Every structure is written in C-alpha cells, then in structure tokens.
Amino acid sequence: MFSPESQELFALCHSAQANQPESLARARALLEAGADPKVGFDKDGFWQNAIYGAAGKAFHPALSQLLLAHGADPNDEETPYHAPESYDPELLRVLLDSGSFQEESLATMLLRKCDMHDQAGVETLLRHGANPNRPTRWQHTPFEQSLRRDNSLDILEVFLDHGASATPLALQLASERGRGDFLEMLGLPPVSPAGECALGLKPSGPLENMASLLAQFAGNDNRAGAERLLEAGALVDARYAGDGYFGIAPGSTALHVAAWRSRPALVELLLSRGADANALDGHGRTPLQLAVKACVDSYWMQRRTPESTRLLLQAGADPRGIELPTGYREIDRLLQGP
C-alpha cells in the first residue's frame, strides 16, 4: 500500500492539473516528503504509474525529468507507448537523457514515432541507439512499422541510413502497399508480382488479394501501379477489408480510399475506369463525403485540394447529406454549384 504522499503524487501526474505551473513544485514537495516516484497501480491488466501520467498523458518535460531524477522507472510499456504521441522534442530529449529506457522500450518508442509520422522523433531515437530491426511485441520491427504506416520516403531513408534491414517482410509490405518509390530507391529487383506492379511494371505472375492491393496502391498515390493492377484484372469497385489506423471502413472501394487520403490522381483514374461515385462504405459514407472530410477533418489536411470533390461531382456524385459550410470555401463553391 502506497503512502498518502505517493497516492497524491500519482493523482497529480494523472490529473488535468499536471500541466499547471504549481504542479511541478507540488510534485517536488511530495517527493521530498517521501512519495515513491515508482508509485503505480494495476488497471485492467496494465501497470499505470506516475511517470506514465507525466510523460504519456500530460507530456510534461519538467515533471517527467523530476520523476526520472528521483528514480521513476519508465519501462512499464505504457510510458514508451504513449510518450511518443507528443511531438515535443524537449520531452523526448528529457526521456532519452535520463538513460532509463531499456532496449525494448526504445524500440517501442521508435515504432510509435512511425505511427505518428514524426521524422524528427525517428531521427532522434535512431541517433540515441534505438534498434530499427528489433522485433517488438506487435511482431513488427520499427522499420517494418514505418512501411505499414506509409511513412514518407524521407523517414524510410533515415531508417536505412541508421542500419535498418530491408527484410523479406519489409519488401513484402512495400510491395503490397504500392511503395514503388521505396523499392526504386533500394534498387533491388521486385520480389513478387505485387512488387512489379508497385514499380509500374506488368506482373509476371498471378496476383493475390487484388482488392487490398488496389486500395493500398490508391492510398499511396501509385497511379502507374494501380493501372497495372486494373490491367491484370483487379475489379475497380472491389471491396477492401479496411484499415482502422487510417480510418478506412470495412467494405471500402479503392475510390473511397483515394478520396479519403486526398489522392486526386487516383480518383481520376478510378472514375475513368468506371468506379461507382456513389458507392457506400461499411459506415455508409460516399467517396464525396470522404473527399470533403479529408479537407476539413483529417491528419493530412496539409495536402488538401478541391480537385477530388470536383472530379466526383463531375462523375455524378450525390452531394446530398453534406452540410454547408464545410469549412473549406473552395469546396463550398463546388457543392453550391453555379
């Protein structure tokens, strides 16, 4: 049983007040009064401690530094998993400078920085010695995760510069997700018909799971590869199992994916091949609704453009059900018509 001071320290680190100016002084006073910096409790099978609250919920560099200086142990799975959700380089510096993280925890942090598409964080962790090739409890190395999460070519290059291995699984992931840019950078011959398509080549053998391939190629803006898949017999309106990480519903078509991930070149291609502009995904959404949402409520708003909306409307997409204003004036003009 932890002391009252320890319990208060835990509550402080997990509270909405953790980022208040006076919280740091209060935490220091509690530690000086004997609070245990390793205080924690089991909740639903997960160990939650004070450092997780400070670093993984409040994202507070100074509070995290204080706890680590007093002996807090961040190798609790929750801290290395959640702390990388912050893009604050100061927090990451404080955590790494403590020297408290085990190799497994560093690999988890690197994997999670791939989830966040945080190039600066990836570089910092790799420079600090995080192993890009260490298997994690999710059965993927951090480098493989960077491919699963469609990280930018710049991030993939940083991994390679720090010793990441292009394992058979990494090459398979790159091939199946249409990462012709990465395969071309490696300069290796394609390892599968999917890899050939990813490079814009005619496949030399049969292709499996073409619905998934077409959707994933569309998500990664690989028009040449998508053309090869369609020529090989992929059905333009085939249904994809979805991808929860990207918010892609089960039962999506490649057009849903292209519209949602702001890939107008793929929207144009798929419509030209007869894709249904009014198909509903498993959540009852049309490609047009997703194209609008991508521009006003997505993690890739920096590449927003009205072009997908324009193409879909020209193809007969039904604008009913889309509330105006959307938050993007160019799209509002298109939806309102002449």
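Within the stretch 201-211, does at least one residue satisfy the condition of being part of a helix (DSSP H, G or I), crowded, with 18+ Cβ neighbours inside 10 Å, modelled with pLDDT of 95 or more and not hydroxyl-bearing (Ser, Thr, Tyr)? Yes. Of the residues Ala198, Ala241, the single one that is without any contact (Cβ under 8 Å) to a residue 40 or more places away in the chain, within 23 Å of the chain's Cα centre (by Cα) and surrounded by fewer than 17 Cβ atoms within 10 Å (Cβ to Cβ) is Ala241. Collect the residues in the stretch 278-319 that are among the hydrophobic types (A, V, I, L, M, F, W, C) and surrounded by fewer than 19 Cβ atoms within 10 Å (Cβ to Cβ), keeping them in residue-number order. Ala279, Leu280, Val296, Trp300, Met301 - these are the residues of the stretch 278-319 that are among the hydrophobic types (A, V, I, L, M, F, W, C) and surrounded by fewer than 19 Cβ atoms within 10 Å (Cβ to Cβ). The lone criterion from (1) of a type in the set (Val, Ile, Thr); (2) more than 19 Å from Gln216 (Cβ to Cβ); (3) outside any loop (DSSP other than H, G, I, E, B); (4) touching a residue at least 40 places away in the same chain (Cβ under 8 Å) left unmet by Thr309 is number (4). If you go through the stretch 181-195 and keep only what is over 23 Å from Pro250 (Cα atoms) and surrounded by 23 or more Cβ atoms within 10 Å (Cβ to Cβ), you end up with Phe182, Gly195. Of the residues making up the stretch 112-144, just one is among the polar types (S, T, N, Q) and crowded, with 23+ Cβ neighbours inside 10 Å, namely Thr141. As for the stretch 89-103, it holds at least one residue that is farther than 20 Å from Leu67 by Cβ and either of a type in the set (Lys, Arg) or out of contact with any helix residue (DSSP H, G or I) (no Cβ under 8 Å at 6 or more places or on another chain) (or both). If you scan the stretch 212-221, which residues turn out to be in contact (Cβ under 8 Å) with a residue 60 or more places away in the chain and assigned to a helix (DSSP H, G or I)? If the condition is that a residue be in contact (Cβ under 8 Å) with a residue 60 or more places away in the chain and assigned to a helix (DSSP H, G or I), then Gly219 is the only one that fits. Out of the residues in the stretch 174-197 that are in a loop (DSSP other than H, G, I, E, B) and of a type in the set (Gly, Ala, Ser), state the one that is farthest from Ala241 (Cα to Cα). For the stretch 174-197, the residue satisfying everything is Gly187.
The values are calculated or read from the model by the stated rules, or taken from the named source; none is laboratory data. These figures come from a predicted structure and were not determined experimentally. Because the Cβ atoms are built from the backbone with ideal geometry, glycine has one as well, and the counts that use them run over all protein chains shown.
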